[in-house]
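Okay, structure first, notes after.
Read-outs: derived from the displayed coordinates by stated rules, not from any lab. Note that the structure is predicted; figures quoted are calculated from it, not measured. Every residue, glycine as well, gets a Cβ built from its backbone with ideal geometry; the counts of neighbours run over all protein chains shown.
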C-alpha cells in the first residue's frame, strides 16, 4: 500500500507473485485497452436497465457482469485455451509453432470451428493489438503466446483469409506469456469494464428519469472516452 | 406432491401453514395477475440482453431479477408497509380506518410523499384490481388490508384526486390480509415474472442473432399473452 | 385470472398452449417435488450470505439463482438432451428404445461420461421419481421420454450398475413428454426453488445478526418441510 | 494506453478528468487498501459457493458482488453523505467543522444513529487509515473531507467514545476530497474486491470437489496476502 499499483496487486492476488515494474506497466496497458467500447455494449446496457429501475450500485454492476459472456467479452479464456493447446502440441510433437498453426487451421476449418481472438466485426486491424504487442516485446514479456497467435494470423493470411488479431486475441496471447491460468483470463475484461459500468449507472440514475426506454443506438453517454488519452 | 398445487406449496414455504383451497385459488389469481406486461418491461429487457451475449439460463434470469427494483415491480412491500401502518394506528388510536386514511393522506401530502399502490401511468382503472378484490371478498379472505386501501382510494377521491388502485396496491392489500410479512411481499411479483423471463430468454437465444441491438419498443415477442386467458 | 392456476400459466407462457387439467396437475407435482432440499443446498446458502450483508430481496434471490449450475439443479436440461438424442436415434435408425439404450450405455461408458438423471448420492431410490412417473402414467402424459429413461435404467441394471432415476431424471423425462424445449428444462428447478430461497432470506434477515458466519451444516432453518405434506 | 495506469483510467472514466500522478498514486493506495480481508468475507464466500456448483467466472463474481451491501463493504457511500452534510452545514451556517462535528454527534446520538466510517469490530486503530491519510496529506489531496472525519473522531473522543476511523471512513474522506460523487463511493470497494474474488473462485474450481460444504471459518485459501506487501 503506497508502494504497489493496483495492477501489481491484481497480479499478486491472482498468481502469488509481485510483478516487476515492466509487467506492471504492461498490465496497466492491458486493462486500459479494454476499459470501454462505448454505450452500445450489452454489459453497459444491462447495467443501465437495472439502474433505471432503482437498483443499488452493486446490483446494477451485477446485471452488467451477467451480460459478459461468450459473445461479448468472454473470448479471452477460449483464445488462451487454443494457444496453450498449440504450444503444448509443438512441444509434445517436437514441431515448430508454424507447423502446428498450419495443422490447427486445417483441423478447426474441417470442424467449422472459429479460432477465438482472430477476426473483428469492425476494424480491419485493431490498433490496440499492435500497441500491446509492441509494448510486450519491448518489455521482454512476449513469448510463445504471442508467437503462436502471430503464426495463426500469418498462416490464415497464406490461405487467403485476412483475420486480424483482435484485442481479445492480443490479451489472450500476453496472458499466456504472463502464465495466468486460462480459466481466469476473462477476469481481465471484467475488471476493465467495471469503471465504465459505474459511469453508465451513475449517469442513468443522476440524469435520466426512471424506467425510460433505453435505446441501444441512442444512449446519451457523453462522458470521457478513455481510449483517446 | 400430487395433492397440493404449487401455489399452496409457495404459501406453505413462506408461512408454515398449508392454505385452504380458497386461499390457494386466490394465490393462483394473484400470481397470474402479474405474470407479464409485455416485452418492454425492464426485467424482460435485461434478461434478453444477458441472453443475447450467451448467458446460461440461470444467469440471464438473474439479470432480469436484478432489474426488479422500486420503480419496477418492487412497490408491493412499500404498499404493505403503508397499509400496516394505517391498520396499526387505527387500533392504537381507537379510530376507524376512514379516519386514519384522511389523516395519512394529509400527512403524506404535506411531506410530498406518494402512497404506493395508488395511481397508474396507463390505466384509469386496472381491471385486475376489481377482479382480485371481488375474488378475495367472495372467498372470505378480504379484511383490513383491502378496507384500508379502499379507504385511501375513497378519501383521495373526496379531495379531487382520482388515483385508481393499481395491481401492486391490490396485491399489497390482499397479502396483508393473508398475513404475509411485508418484507417478502415483492417475492410474489418476482415469482410471477420468472416464466415470462424464461420465455423471453428462450426466444432471444433460439431466434435472434447474438449481440443484436435490442430496441425496447421494437421487441419481436409474439408469444402468447397469458392475460387474455 | 381466477380460472387458471399458476402452473397452467407457467406452461402457457413457455409453450403458448393452455394445458389440460391433467397436465396442470402433473406440473404442480413436478414443481412441488423440487421445492426444497433443506438448508444445505448451495443456492440457499448463497442467498443467505447475500441477505446477511443487507441485500434487498431481489438481489439475494439473484445470488441464490447464480448458485444453480451444473452440479446443483441444472442437470435437467442435460438429461433432456440425452433422452431426446436416444429417441431421435431410435427413429432415425429404426431401432427400439431398448436397443438404443444398450448402445448409448456402451458409448457413454467408453467416453467415461455420466448420463444425467441417473444415480443419486443419498437415496438408493428416490421416492419422488416413483410418484411422478405413476402420476404421469395415470394422467396419460408419460411417453417416449419416460420409456427412454426407464430403458437406460433397466440396461444399466443388466450390466450390474444400479443407478436409480433421480428426481432430475424424472423431471427431464416428463418434460420431454410435455414437449418443453430442453434449453429451458432447468427453469422448472429454478422456479421451484424461489419460494424456499425467499423463506431462507426472510429468516436470515429477521432472526439472525448481520454478517454472522453461516455454517452450511448448522443452519437454523426450522421452517416447514413442504415435502412432508 | 501505455501512458496511463489503470487507476488513472478509473478516475478518468468516473470524473472525466485525467488525474495528476499524485492523485494516481493515492488511488492506487486506496484500491490496494481494500483488496482482501481474507477468506471469511461474505463476498468471498458467496462467490465460492456459486463457483462450487459450476458457475462460469462472471456469474460467480456476480454472486460475490451481490454480497457487498450495507453490512459489508457498502459503508463508503453512507460515510461520504455524512461528511458532505457536515461540510455543507459548516458553509451554510458559517461555523467551523469542529462546531458542526459537536452538533452532529449530539444529533446522531439522540436519534441513536451510527455515523458510518467510525468504529471497528477488530482493530482499535486501523493502520491503513493512518497510512492513507498521511499519503493524502503528503500529496496535497487531503482537504475538508479528511478534516471533517478527524473532527468527528476528536469530538467523539472528547465525550469518552474512542471510535477509530476505519478504512471505509478513510476512503470516504479522501473520496470527498477527490470530488467523487457519493453515489458511487462504494464502487472503489467493489473494484478492489474483484481480484480477490477471482482468486477464490479459481481456487475453489481448480482444487476443491464440487458441492462441498464450505465452512466460513475453515476455508483453505492459502494464497498471498496483498496486505503484507
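Where chain D is rotated onto chain A, the residue of D whose Cβ comes nearest the axis, and that gap in whole Å, is D:62, 2. Take each residue in C:195-202, count the other chain C-beta atoms within 10 Å of its C-beta, and the mean is 6.
All Cα-Cα separations within region D:98-141 were binned at 10 Å from zero, giving a P(r) of 22, 32, 39, 6, each value a whole percent of the pairs. Among B:30, C:80, D:104, the ranking by other beta carbons within 10 Å of each residue's beta carbon, starting with the fewest, stands as D:104, B:30, C:80.
Peptide A:177-190 has a mean shielding of 3, counted as Cβ atoms of other protein chains within 10 Å of each residue's Cβ. Calculated FRET efficiency, residue C:89 to residue B:212, Cβ-Cβ distance, R0 = 35 Å: about 0.55 to the nearest 0.05.
By the equivalent-ellipsoid construction on the alpha carbon gyration tensor, region B:76-183 comes out with semi-axes of 19, 18, 12 Å, ordered largest to smallest. For the pair region D:1-68 and region B:162-205, the centres of their Cα atoms are 34 angstrom apart.
Each other copy places its own label point for residue B:130 at 5.2, 6.9, 7.3 nm from this one, sorted shortest first, where the point lies 7 Å along the Cα-to-beta carbon line. Among C:48, B:207, sorting on how many other beta-carbon atoms sit within 10 Å of each Cβ, with the fewest leading, yields B:207, C:48.
The mean sequence distance of close C-alpha pairs (under 8 Å, at least 6 residues apart), as a share of the length of region C:76-183, puts its relative contact order at 42 percent.
Inter-copy label distances at residue D:2, using a point 7 Å along Cα-to-Cβ, come to 3.4, 7.1, 7.2 nm with the shortest given first.
For chain A, the relative contact order works out to 33 percent when only alpha carbon pairs closer than 8 Å and six or more residues apart are counted. Axis angle, to the nearest 10 degrees, between helix C:42-52 and the longest C-alpha principal axis of chain C: 20 degrees. Note on residue B:81 and residue C:130: the model spin-label points, each 7 Å out from Cα along the C-beta direction, lie 5.0 nm apart. Taking every alpha-carbon pair under 8 Å whose residues sit at least 6 apart, region D:24-111 reaches a relative contact order of 18 percent.
For helix D:186-207, what angle does its Cα long axis make with the longest principal axis of chain D, in degrees from 0 to 90 and rounded to 10? So the inclination is approximately 20 degrees.
If you wrap region D:1-42 in the convex hull of its Cα atoms and look at it from every side, the mean projected area works out to 3.9 nm².
Across region C:1-160, the volume of the C-alpha convex hull divided among the residues equals 158 Å³ per residue. By the beta-carbon count within 10 Å of each Cβ, the least crowded to most crowded order of B:20, C:67, fewest first, is B:20, C:67.
Relative to the longest principal axis of the Cα atoms of chain A, helix A:127-138 runs at roughly 60 degrees. Annotation for residue A:158, label-to-label distances across the other copies: 5.3, 8.0, 9.0 nm (shortest first, one decimal, point 7 Å from Cα along Cα→Cβ).
Here, P(r) means the percent of Cα pairs in each 10 Å bin from 0 to the largest distance; for the protein assembly as shown it is 2, 11, 20, 24, 21, 14, 6, 2, 0, 0.
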